[in-house]
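Asker: Sharing a structure with you now.
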Amino acid sequence: MSARLQDRTALVTGSTDGIGAAIARALAAEGAYVIVSGRDTARGEKVVAAISERGGRASFVRADLAAGLPAIGELADAAHRLAGGPLDILVNNAAMLITPGPTADVGEDLIDQALTVNVKAAFLLTGLLAPAMAARGSGAIINLGSISGLFGTSGSALYSTTKAAIHSLTKSWAGEYGPAGVRVNTVAPGPTFTDKIAAMRDHLAPMIAALPSRRPSTPEEVAAAVVFLACDDASNIHGATLSVDGGRAAV
Ligand SMILES: NC(=O)c1ccc[n+]([C@@H]2O[C@H](COP(=O)([O-])OP(=O)(O)OC[C@H]3O[C@@H](n4cnc5c(N)ncnc54)[C@H](OP(=O)(O)O)[C@@H]3O)[C@@H](O)[C@H]2O)c1
């Protein structure tokens, strides 16, 4: 185990599964104490157990980010309590992935839910946790964006809107918290084969075939980018977007 994040504390939202679970494992492998969070306690405890088996440190805190401020406030309080003070690292990863379809078929409830989970939760959680990092004078916040937030994607207007908002928040927060020593950056994955996304491999095949890399990312490749931005190797990187997309954003 290397130790670029020894004695650091991290909260990763949506880390019971997929990319978030890989981020939690990767941060812990670098020595961080990781707070794993999501709605599914069984999956969350499994991620914690896997980290512990490899000699890492982690705890699970259940939170439904769709529930708004009471739940998000409780998550922030639990994170401060478990970390024993301000966090060192916040990863705003949780998001609803939305089945593509025509804009006219998207109902108001889905719009509200997607904006709540994908945007409002990160906004409120950062507002609750970043000021303590700033008061201490150090911290790293990494937001999970997407290539869908960088390009217009026909049939994914709602999901793309939420991800574009995340890209925008990174830049605003870099300006707001950077002067106090808190670095805020985005990792923007392209198609990344979690179990869920790998099941859509036929649908994604044409997009993947057009990538310079000709292959999807793995969750571990996305997690490695998050670890880089979280640790001191990235000490003067603020407001950046690090794409892990096989070259999609460039070509
Ligand atoms: N996979 C890709 O190809 C891809 C590409 C570009 C960007 N991204 C971005 O990468 C991030 C992770 O994506 P992923 O593919 O790993 O997604 P995923 O497999 O669907 O995992 C989503 C995570 O978010 C949590 N979550 C969902 N709704 C929640 C809620 N209401 N409250 C709390 N937690 C909630 C889930 O945990 P529970 O079920 O336990 O609540 C789960 O741990 C997202 O921000 C996504 O937009 C992914």
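The values are calculated or read from the model by the stated rules, or taken from the named source; none is laboratory data. Model, not experiment: these values are computed from the prediction. Cβ atoms come from the backbone with ideal geometry, glycine included; neighbour counts cover every protein chain shown.
Asker: Tell me which residues, restricted to segment 45-75, are in a loop (DSSP other than H, G, I, E, B), within 13 Å of the ligand (Cβ to nearest atom) and surrounded by fewer than 18 Cβ atoms within 10 Å (Cβ to Cβ).
Answerer: Once the filter is applied, which keeps residues that are in a loop (DSSP other than H, G, I, E, B), within 13 Å of the ligand (Cβ to nearest atom) and surrounded by fewer than 18 Cβ atoms within 10 Å (Cβ to Cβ), segment 45-75 yields 64, 68.
Asker: Name the residues in segment 89-120 that are touching a Gly at 6+ places or on another chain (Cβ under 8 Å) and within 24 Å of residue 234 (Cβ to Cβ), would you?
Answerer: 89, 90, 91, 93, 94, 95
Asker: In segment 101-112, what residues are farther than 13 Å from residue 161 by Cβ and part of a helix (DSSP H, G or I)?
Answerer: Those that are farther than 13 Å from residue 161 by Cβ and part of a helix (DSSP H, G or I): 104, 105, 108, 109.
Asker: For residue 42, state whether it is over 19 Å from residue 92 (Cβ atoms) and near the ligand (Cβ under 10 Å from one of its atoms).
Answerer: So residue 42 passes the test.
Asker: Do you know which of the residues in segment 122-142 that are in contact with a Gly (Cβ under 8 Å, 6 or more places away or on another chain) and crowded, with 21+ Cβ neighbours inside 10 Å is nearest to residue 163 (Cα to Cα)?
Answerer: Out of the qualifying residues, it is 130.
Asker: Going by the conditions given, is residue 119 within 14 Å of the ligand (Cβ to nearest atom), crowded, with 17+ Cβ neighbours inside 10 Å, within 16 Å of residue 15 (Cβ to Cβ) and of a type outside the set (Phe, Trp, Tyr)?
Answerer: Answer is no for this residue.
Asker: Is it the case that some residue within segment 199-206 is within 12 Å of the ligand (Cβ to nearest atom), more than 18 Å from residue 249 (Cβ to Cβ) and among the charged types (D, E, K, R)?
Answerer: Yes - at least one qualifying residue is present in segment 199-206.
Asker: Tell me, please, whether a residue that is more than 15 Å from the ligand (Cβ to nearest atom) and surrounded by fewer than 23 Cβ atoms within 10 Å (Cβ to Cβ) can be found in segment 21-29.
Answerer: yes
This table checks each residue for (1) surrounded by fewer than 17 Cβ atoms within 10 Å (Cβ to Cβ); (2) in contact (Cβ under 8 Å) with a residue 24 or more places away in the chain.
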position	(1), (2)
177	no, yes
182	no, yes
189	no, yes
198	yes, no
208	no, yes
213	yes, yes
219	no, yes
233	yes, yes
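Asker: Which of (1) assigned to a helix (DSSP H, G or I); (2) more than 22 Å from residue 233 (Cβ to Cβ); (3) in contact with a strand residue (DSSP E or B) (Cβ under 9 Å, 6 or more places away or on another chain) is the odd one out, the single condition residue 28 does not satisfy?
Answerer: Checking residue 28 against (1) assigned to a helix (DSSP H, G or I); (2) more than 22 Å from residue 233 (Cβ to Cβ); (3) in contact with a strand residue (DSSP E or B) (Cβ under 9 Å, 6 or more places away or on another chain), the one that fails is (2).
Asker: Would you be able to tell me the number of residues in segment 31-46 that are more than 24 Å from residue 232 (Cβ to Cβ) and in contact (Cβ under 8 Å) with a residue 40 or more places away in the chain?
Answerer: Selection size over segment 31-46: 2.
Asker: When the residues of segment 132-183 are filtered to those that are away from the ligand (no atom under 16 Å from the Cβ) and of a type in the set (Ser, Thr, Tyr), which remaining residue is modelled with the lowest pLDDT?
Answerer: Among residues in segment 132-183 that are away from the ligand (no atom under 16 Å from the Cβ) and of a type in the set (Ser, Thr, Tyr), the one modelled with the lowest pLDDT is 154.
Asker: Could I ask something else about it? Which of (1) within 15 Å of residue 119 (Cα to Cα); (2) more than 15 Å from the chain's Cα centre (by Cα) does residue 193 not meet, given it meets every other one?
Answerer: (1)
Asker: To continue, here is another question. Inside segment 28-47, can you point out the residues that are of a type outside the set (Lys, Arg) and closer than 23 Å to residue 117 by Cα?
Answerer: 34, 35, 36, 37, 38, 40, 41, 42, 44, 45, 47
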